[in-house]
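One structure is given here, and the rest of the page talks about it.
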Amino acid sequence: MLMEEEAQQLRSRATELLLLDDWEEYIRLYTRFISLCLHHVSGDAGGDPKLQKILCGALSNRAEARLRLRDLPGAAGDCDRALDLDPSHLKTLICKGKILLGLDRYSSAADCFRRALAPLGGSDTALRGLIDRCQKLEAQSKTGAFDLSQWVLDGFKGDPPELAEYVGPVVIRRSVGCGGGRGLFATRNIESGTMLVVTKAVVIGRGILPEPGNPMSSEGARLVMWKDFVARLLDAASKCRRTLRLIYLLSTGEDEEDLPVPDIRLFVPEQGPSRDDELSGDQALDTDRILKILDVNCLADDAVSAKVLGKNGGGGGYHGVGLWLLASFINHSCNPNARRLHVGNHLLVHASRDIKGGEEITFPYFDVLMPLRKRRETMAGTWGFCCRCRRCQFEEAAAYAGELREMEESMVPEMAARLEEAMAKRWVVKSKEKAFLRASFWEAYTATYATEREVRKWERRIPAEMAAAESIAEAVGGDERVLRVVVEGVKRKEGEGRRRGAAEAPVDEGRLMKMARGVYGKVAKKQAAMRILLGAIS
């Protein structure tokens, strides 16, 4: 009777805390009560069914509160203890299913929801909806087939579609080109646009930076955002030992050659939790070490190799930074083959050009549509490394490197024509190497394609926009700026045809869509959605 009275008083106080949304105090309240229950359980009343029912309910309620605070490991532990007391406890089964869903363990979550649904005769609409949701995410996680078409067609209204964690045909290996560090490698031939990795941020920080002239500087706003981001990441790492250990697998920028090469399966949620024995190492929260890891591995939404879908496309002073674990193993190259999309808190990495099996997956850390000298200045001044990719080595060792450096001084339209003439008549340049040089002189090509007048002046001496873009895609993968020039060229030709009253020249939509897949990946199955994306860049 005493425990029942205390349980009633607890429920009354807990209701007050619920109304106040004071989850911290709510958890402390239930923690004290659970300790009291366990004391009685260990005594003569341990076999009392009523006491065990009260304890099961208390554990379930604390699990719900911990779930609210995103303490998923703590909540899962409470659910397991409650289910040990009553394997069919409905509220606990539903709570554990939601926890597993939050941990991206879709199959296990669906099993919990099915167990909860069974005694209800399969008639609960909400539970059936949760099971369908798990099955949809599980299919995404196995196939890598994501379709954002409807969200795009709806103008990115509302929250972005729910996405599953996905690890495609990639593996982590030692990288020859980054000082003995690790990299992500293709395990088979991969077509442009194919999804490689879809992963949710451990923590992400986003905000609108002040307009110029605002009393609060942009630098100050970034600092505030960064401090909040770090605090939330430390909180997430302190709550979950697995998250902390996965973070500790990332580089601090020191002693790269001594770092272990982790099994890719550690980053697959359905497989990872059963492989915790492989996550050896420190368990204590080392703030200094984590700050070094963040300095090396954080990714920005507004990077040159990224595209933000939704939330105004990242415009208007918008800035975001986050930590995505598996994507942190992707190295830089000036001859990259991957791009990334930011959709909500998820990062989608796709092939931006065709990739051969065994090739390292790379994306650019900075603008690579510029000559070698400028790229090297950026690397030395901001990033502290020297890229040794095939493109950089070619431009450095070319017999005409001196002449290239002279041409770099001016990126007027004439330079694109001079470069094409030199590649065709004086230099022995292979097709792939032509693509490298066109990418390095893209500023000159852009100036040439900027107006109808310039196009007419130089059209016999340089490739058409689409041909140049396809060539450059071989060198640097899909790039939104290059695609923009193609789209604007298509519109200009259509307008010119209408002015002349001539039949519109056919647009090779297949070639245009292939270039678009290199930029956006295969995330919009409906061509109408892809056309919206194409229209939004011009």
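The values are calculated or read from the model by the stated rules, or taken from the named source; none is laboratory data. Values in this document were obtained by computation on a predicted structure and should not be read as measured data. With ideal geometry, Cβ positions are generated from the backbone for all residues, glycine too; neighbour counts draw on all protein chains shown. To get the accessible areas, we keep the full protein, side chains included, count just its heavy atoms, and leave off ligands, DNA and RNA. Shrake-Rupley method; radii C 1.70, N 1.55, O 1.52, S 1.80 Å.
For this structure, a couple of remarks:
- Whichever residue in segment 340-376 is open to solvent by less than 10 Å² (accessible area, probe 1.4 Å) and of a type in the set (Lys, Arg) and, among such residues, is farthest from residue 305 (Cα to Cα): 375
- Being at pLDDT 85 or above and either over 30 Å from residue 269 (Cβ atoms) or of a type in the set (Asp, Glu) (or both) is a property that residue 44 lacks.
- Top-ranked residue in segment 494-512 [being among the charged types (D, E, K, R) and closer than 17 Å to residue 531 by Cβ; ranked as modelled with the highest pLDDT]: 511
- Selection count where residues are farther than 30 Å from residue 397 by Cβ and outside any helix (DSSP H, G or I), scope segment 451-488: 4
- Top-ranked residue in segment 429-450 [being part of a helix (DSSP H, G or I) and open to solvent by less than 10 Å² (accessible area, probe 1.4 Å); ranked as farthest from residue 336 (Cα to Cα)]: 448
Results for (1) touching a residue at least 12 places away in the same chain (Cβ under 8 Å); (2) part of a helix (DSSP H, G or I), shown as yes or no for each residue.
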position	(1), (2)
358	yes, no
375	yes, yes
378	yes, yes
386	no, no
394	yes, yes
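- With respect to the conditions (1) part of a loop (DSSP other than H, G, I, E, B); (2) closer than 21 Å to residue 94 by Cβ; (3) open to solvent by 70 Å² or more (accessible area, probe 1.4 Å), residue 115 falls short on a single one, namely (1).
- Considering segment 161-240, the qualifying strands (runs of 3 or more DSSP E), each wholly inside and each with 2 or more residues that are more than 25 Å from residue 522 (Cβ to Cβ) and either open to solvent by less than 70 Å² (accessible area, probe 1.4 Å) or modelled with pLDDT of 95 or more (or both), run over 203-208.
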